[in-house]
Every structure is written in structure tokens, then in C-alpha cells.
Amino acid sequence: MSDDYEPQSAVAKWIDKRLPIITLFSGHLMQFPTPKNLNYWWTFGGILTFCLITQIITGLVLAMHYIADANLAFASVEHIMRDVNYGWLLRYIHANGASMFFIAVYLHMARSLFYGSYKEPRELIWIIGVFIFLLMIATAFMGYVLPWGQMSFWGATVITNLFSAVPFFGEAITNWLWGDYSVSGALLTRFFTLHYLMPFLIFGLVILHIWALHVPGNNNPEGIDVVKGQDTVPFHPHYVVKDVLALVVFMIVFAGLVFFSPNILGHSDNYIQANPLQTPEHIVPEWYFLPFYAILRAIPDKLGGVIAMVSAIAILAFIPWLDTSKVRSSKYRPLYRQFYWLLIVDFILLGYLGSQSATGIYLILGRLATLYYFLHFILVMPLIGFIEKPKPLPKSISEPVLTKEEQLTKSGQMA
Amino acid sequence: MIKRLSIFLLLLAHTVSMSFVFASEEMHVPMQPDWSFQGPLGKFDRAELQRGYQVYTEVCSSCHSMDLVSYRNLVQEGGPEFSEKQAKAMAAMFEVEAGPDADGEMFMRPAILSDKFVSPWKNEQEGRISNGGAYPPDLSVMVKARSGGADYVYSLLLGYEDEVPEGIILDDGVYYNVYAKNQRIAMPQVIYEDGVEYTDGTAATEVQMAKDVTAFLAWSAEPKLEERKRIGFKVIVYLIILSFLLYFTNKRIWRDTSH
């Protein structure tokens with residue numbers, strides 16, 4: 001891919017001979033052969049990179065003004081909102097940026113699931129992605145604790161208490177996490193440190209994610225292997241411009257939130273300073289954790305709930321082997337496609353139930369939705385691979401679908 | 001088929017749960033007056049904020065602090081925009097503890113622009129003991145700290161009724177308020193007609209006073225609201241134009257590629 005780059009200027013030649021960084025970037029960001037049929041669902045990778053960089057830059061400046069101290073944190077955030085130049089803008093971008101980050105990552109994962117981007121030879125890309133998602137969850141959770149409002153405090157209390165479900169060592173682990181006998185300033189300072197560290201770990205994993213992607217190249221909506229040259233276009237300008245167009249549309253929504261309803265996704269209780277003596281009526285996590293929160297509460301046992309919630313994320317890493325179908329794209333999987341949409345609805349339903357109190361009808365629905373979530377991966381995915389008769393695949397993404405005769409022979413082979 | 005069925009189930013779940021919410025909710029939907037600062041181009045009404053400051057100072061501030069707001073904020077753009085001279089005079093009406101002086105003694109001096117609003121209490125404990133154990137909360141970000149925002153605060157101020165409905169038994173130091181949670185609140189009615197004498201001559205009705213002070217609290221909770229909306233408008237216009245340009249650029253680039 002990078003064979004045809006020749007440095008032109010003397011400076012470029014000098015540098016590239018010693019450190020072929022220009023060749024590297026030229027190969028991976030300019031000439032990189034990309035399937036020409038990618039749709040807009042493929043633009044979220046670039047959007048997510050933008051989100052990460054935005055969070056890091058705004059977070060860096062916020063950290064210059066924020067004070068990680070139980071008595072001062074709340075007021076220091078308000079100091080940023082009131083007295084720091086454009087502090088309100090930085091903070092609202094950072095807070096809403098987390099939500100936009102999760103919107104993008106959920107769409108990115110949903111695309112990957114639909115088009116089978118996790119299948120051979122792209123398993124590692126997907127698994128690294130699951131680890132990125134896990135780190136994102138940890139980072140976002142710790143970030144929400146930093147303003148030290150009521151939801152920060154009580155959210156931290158609920159989640160860190162989950163560790164007490166661990167048999168025998170539960171109490172020791174929670175005390176070690178807290179650095180105290182309850183959630184206090186000691187927890188705040190360590191969460192701040194970790195919240196600052198983790199985005200850089202995510203950044204490292206993102207590099208591995210892209211590296212692993214650039215070995216086999218992109219999957220595509222047809223889910224079939226591409227022929228280089230015939231089916232591909234150079235990344236620049238075709239996908240650079242397309243990705244930036246999608247990014248700008250994404251930014252319009254982002255700006256709409258930041259400038260016109262910056263608090264709509266937050267909870268009003270978080271504008272009340274943390275008070276260990278007063279528990280809020282409903283403790284709810286940020287919206288992007290609600291599906292997993294619903295799974296946690298669906299299990300009547302504390303330890304069981306924690307195991308279920310962790311498993312709900314861990315199971316994602318095994319999808320490349322749970323899915324037994326050789327056909328990547330759900331476009332050609334009429335039966336699986338139905339269950340795919342059922343999973344999406346199930347996940348949204350879980351999110352809704354997570355925002356309601358776990359009683360009566362919500363609890364019953366929550367248990368059913370949790371059951372389906374796991375059944376989808378453990379039962380539906382492996383089984384359908386065996387019983388489904390996929391539609392005939394096109395020969396290449398450039399050619400129309402197979403001729404009638406070819407279809408007949410192909411379906412004969414399948415049966 | 002499964003897709004449709006699941007969408008139906010989702011809607012059903014929503015309907016069922018919504019009916020539960022209204023049946024169990026102990027809150028009344030607040031009144032919704034027209035606020036000058038709502039909507040994408042909304043701005044604060046200077047005169048309203050100035051009157052609101054007067055209501056806060058003469059009525060609310062005998063119990064409620066506003067620790068996050070400074071007297072200098074009263075002068076800043078996008079707020080009540082008092083003149084510097086006015087704000088200095090307003091600050092000087094309060095005393096703050098300063099020092100230590102050269103003799104190691106603390107002393108009292110008139111507040112200046114850089115001081116935070118002076119709290120009615122020396123500390124939380126004093127506020128608590130003076131109010132039957134219930135500490136009057138700080139009002140700096142109150143409008144953002146309650147669901148319903150300005151509508152809720154406004155309604156709460158006007159929600160007192162003399163006639164307590166049957167079945168509601170009030171403890172000592174608890175008052176009946178239509179908009180409070182469970183219709184009970186520890187704050188007595190404080191907004192009464194002509195409770196203040198407005199310097200601009202506006203008639204001080206209960207509705208007027210509640211609206212003015214709520215607008216003032218909305219500003220104190222979000223002092224950069226006007227700047228935010230102004231910049232936001234430009235940003236969105238810029239992004240929309242940019243997206244059109246990119247749309248056509250993208251189309252041009254892909255013109256010769258069949259895909």
C-alpha cells in the first residue's frame with residue numbers, strides 16, 4: 001500500500017530515510033485501499049477518534065482549574081462555569097462529549113454486529129474494541145464522580161459497593177478501593193488520577209485497533225472480501241471527505257446539546273453538593289449505563305447481579321466464536337437479521353427499564369429483557385449459523401449479484 | 001414480524017409505565033410562565049433581574065445564602081448589569097470579616113465587588129438551629145438543581161394556600177404547598193403583595209415578585225446563558241454551511257466511482 005510513495009523534497013527524503021514516518025502516514029491515511037461501497041455507518045470510527053481527542057483536550061484544560069478535594073470540588077466546577085474564560089464551554093463540551101462518545105460507540109458496535117465485522121479475519125479488532133468499550137465505561141463513570149454532586153457521590157457509593165459482593169474479600173476490596181471506610185475525599189482523588197490516566201490507555205488501544213484493522217482492511221456492507229484496485233478507492237480523498245462530512249453533521253447535534261440544552265442529559269440532583277447524610281430518592285446512573293444497570297437489578301441476588309452485569313460486557317469478546325455463520329453481512333442472513341433487530345430493541349428496552357424503579361412490571365420486563373440479551377449470544381447466534389439458509393452472495397462488490405444459474409449451483413452446495 | 005412485535009412491546013411497556021408514573025407521583029406539574037430567557041435566542045430581561053435581586057436581598061437573603069455569586073457578577077454582561085457604582089453601593093450594605101490586621105485581630109469591613117454574597121449564617125449549624133433543624137439551601141444553582149427548573153421554583157413560591165385539603169396533616173414547622181413534594185414544605189410563604197417596594201415603580205404583586213426573583217435565580221444558576229446561546233447560534237450556522245460545502249465536495253469526489 002505504501003510502496004508507491006516517494007519523498008520529493010530534500011527534507012522529506014532526509015527524514016523518511018531515518019524514520020519512515022511520512023511513508024507510514026501516506027500509506028495508512030492517504031493511499032490506504034478502502035472498499036468503495038462503505039455506507040455512512042462506517043463513519044463512526046473517525047467520529048469516535050474525534051470524540052476521544054476532544055475529551056482529552058477539554059479535559060486537560062478542565063484539570064488545570066479543577067480541585068480534587070471533597071470540600072472544594074463542587075465549588076471548583078462552579079468556578080470553571082463562572083470565572084474561567086470559556087470554562088462553561090469547556091465543561092459543557094466535556095460533559096456532553098461523554099454522551100456523544102457513547103452514542104457513537106453504540107452505533108459503531110451495532111454496525112459491526114450487523115455486518116459481521118467481528119468475523120474472521122477481524123476477530124482481534126473486535127476484541128480490542130471490547131476492551132476500549134470497557135475502559136470507556138470506567139473512565140466515564142469516574143468522570144461523573146468528579147463534580148462531587150449528589151449523583152456523583154451516591155452513584156459512586158452504589159457502584160463501589162458492588163465489589164462488596166465478592167465472597168470473603170468483599171469488604172477488604174471495597175475498603176481498599178475507597179481508601180477509607182466509606183466513599184470520601186480519598187476516593188475522589190484516586191478517581192481523578194485514574195480518570196486522567198485512562199483516556200491515554202484508550203488512545204493506546206485505539207492505535208492497536210486501527211493497526212489491526214489495517215492488516216485485513218475494512219469489512220464492507222456486502223461482507224465479502226474485496227479485490228484490491230477493482231473494488232477499492234484510496235482513503236484520501238474519498239473517505240477523508242466522506243468522514244469529515246459525517247463528522248460535521250455529528251457536530252451539529254453535539255453543538256445543539258452543548259449550546260442549547262447542555263443539562264438535558266444530566267441529572268438535576270448533581271447540582272446539589274454531595275451530602276453523605278442525605279440519600280437521593282432515586283439513584284440513577286448516566287443514560288449510557290442504563291441497559292447494564294437494568295441487567296444488574298434484574299438478578300435478585302447481589303453477587304449474581306454483579307456477575308450478570310460483568311458478563312453482559314465480557315460475552316461480547318466471545319462473539320467471533322459464538323457466531324457460527326460464515327456469512328458476514330446480515331444483508332444476506334434473512335433469519336439472523338430479525339433477531340439482530342430484536343437484540344437492538346431489547347437493548348433499548350433495557351436502557352428504558354434501567355431508568356425506572358425496579359418494581360412490578362418493570363422488574364418482570366427487566367428480567368425477560370436480560371434473559372433475551374444473554375440468550376441472543378449464547379443460543380441464537382450459534383444455532384442460526386447452522387439452520388439458516390443465507391441468500392446468495394455477490395461475486396464481488398463491483399459486480400451485480402450472481403446470475404440465476406450460479407445461484408442455483410450455489411444453493412445446491414449449501415443444501 | 002419479530003421487529004414489529006418488539007416495537008409494539010416497547011410501546012406497550014412505555015404506556016404501562018407512564019400510567020404508573022402519574023398514579024404514584026406526589027408532585028403537581030408546575031406552572032409554565034413565559035420566560036424571556038427560554039428558547040434558542042432567549043435573553044434575560046435586565047429590569048426583571050434587577051428587581052429579582054431586590055426581592056432576593058430584601059426577602060430571601062434573610063435565610064438563604066448564595067455562596068457562588070459575587071457582587072462583581074451584578075455588573076457583568078449578560079446579568080442584571082447594574083452600574084459599577086450601584087453594585088459597589090449594594091456590596092457596601094453588607095459587612096464581611098477580614099484580617100488579621102497588624103495586631104493579629106480580625107475586623108469587620110464593608111463588602112466590596114470581589115466578595116461573594118454575604119451569607120445570613122455564620123455556618124450551617126447556625127442556619128439549622130434558626131430554622132427548626134431544616135437548613136435553607138444555598139440558592140446559587142437552585143434553578144438547575146431541581147427538576148422543572150425555573151417553572152418549579154416559580155410555582156413553589158406561589159403554591160401556598162390557606163385552605164389545607166382534608167387528609168393532609170401538617171407537622172409543626174411544615175407548610176402546605178401545592179407544588180412541593182407531597183404538598184409539604186418546611187419553608188413558610190414569604191412572597192406577599194407589596195413585600196418589597198420596587199425602585200422602578202413596578203407594582204409588587206405576588207406573581208410579579210415570584211417571576212422576578214426566579215429570573216434572578218435562573219441567571220445566577222447559568223450566568224453565561226446569553227453568551228452561550230449567542231455563540232451557539234453562530235456555531236450551528238457555520239457548521240450547517242460547512243456541511244453543505246462538504247456534501248457537494250464529497251459528491252464531486254465520488255462522481256467517477258461506481259458504488
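Restricting the range A:322-347 to residues that are among the hydrophobic types (A, V, I, L, M, F, W, C), open to solvent by 20 Å² or more (accessible area, probe 1.4 Å) and in contact (Cβ under 8 Å) with a residue 40 or more places away in the chain, the residue that is farthest from the other protein chains (Cβ to nearest Cβ) is A:Leu322.
Taking the stated definitions as given, is A:Leu408 in the same structural domain as A:Asp323 (by TED's automatic domain parsing), more than 20 Å from A:Arg111 (Cα to Cα), modelled with pLDDT of 95 or more and in a helix (DSSP H, G or I)? For A:Leu408, the condition - in the same structural domain as A:Asp323 (by TED's automatic domain parsing), more than 20 Å from A:Arg111 (Cα to Cα), modelled with pLDDT of 95 or more and in a helix (DSSP H, G or I) - is not met.
Take the residues of the range A:349-370 that are in contact (Cβ under 8 Å) with a residue 40 or more places away in the chain and within 21 Å of A:Arg337 (Cα to Cα): which is nearest to the other protein chains (Cβ to nearest Cβ)? Only one residue fits best here, namely A:Ala369.
Quick check on my filter: what residues within the range B:55-76 are charged (D, E, K, R) and within 13 Å of chain A (Cβ to nearest Cβ)? Hits for the range B:55-76 are B:Asp67, B:Arg72. Inside the range B:138-173, residues that are closer than 22 Å to A:Gly149 by Cα, open to solvent by 50 Å² or more (accessible area, probe 1.4 Å) and not basic (Lys, Arg) make up a count of 1. The listed residues are B:Ser140, B:Ser147, B:Ser155, B:Ser119, and the only one of them that is part of a helix (DSSP H, G or I) and among the hydroxyl-bearing types (Ser, Thr, Tyr) turns out to be B:Ser155.
Considering the conditions (1) open to solvent by less than 50 Å² (accessible area, probe 1.4 Å); (2) in contact with a helix residue (DSSP H, G or I) (Cβ under 7 Å, 6 or more places away or on another chain); (3) at pLDDT 55 or above; (4) within 14 Å of another protein chain (Cβ to nearest Cβ), B:Pro33 is excluded by exactly one of them, (4). Answer yes or no: is there a residue in the range A:307-320 that is over 30 Å from A:Ala95 (Cβ atoms), out of contact with any Pro (no Cβ under 7 Å at 6 or more places or on another chain), open to solvent by 40 Å² or more (accessible area, probe 1.4 Å) and within 14 Å of chain B (Cβ to nearest Cβ). Within the range A:307-320 (the criterion being over 30 Å from A:Ala95 (Cβ atoms), out of contact with any Pro (no Cβ under 7 Å at 6 or more places or on another chain), open to solvent by 40 Å² or more (accessible area, probe 1.4 Å) and within 14 Å of chain B (Cβ to nearest Cβ)), the answer is no, since none of the residues qualifies.
In the range B:220-230, what residues are surrounded by fewer than 24 Cβ atoms within 10 Å (Cβ to Cβ) and assigned to a helix (DSSP H, G or I)? Passing the criteria: B:Leu225, B:Glu226, B:Glu227, B:Arg228, B:Lys229, B:Arg230. Of all residues in the range A:337-347, those satisfying the criterion of being more than 16 Å from A:Leu371 (Cβ to Cβ) and within 19 Å of the chain's Cα centre (by Cα) are A:Tyr340, A:Trp341, A:Ile344. Of all residues in the range A:233-264, exactly one satisfies the criterion of being within 9 Å of another protein chain (Cβ to nearest Cβ), open to solvent by 20 Å² or more (accessible area, probe 1.4 Å) and outside any helix (DSSP H, G or I), namely A:Asn263. Just one of the numbered conditions (1) touching a helix residue (DSSP H, G or I) at 6+ places or on another chain (Cβ under 9 Å); (2) open to solvent by 30 Å² or more (accessible area, probe 1.4 Å); (3) among the polar types (S, T, N, Q) is not true of A:Gln230: (1).
The values are calculated or read from the model by the stated rules, or taken from the named source; none is laboratory data. It should be emphasised that the depicted structure is a prediction, and the values quoted were computed from it without experimental measurement. As a convention, Cβ positions derive from the backbone with ideal geometry for all residues, glycine included, and neighbour counts pool all protein chains shown. Accessible surface areas use protein heavy atoms only, side chains included; no ligands, DNA or RNA. Shrake-Rupley method; radii C 1.70, N 1.55, O 1.52, S 1.80 Å.
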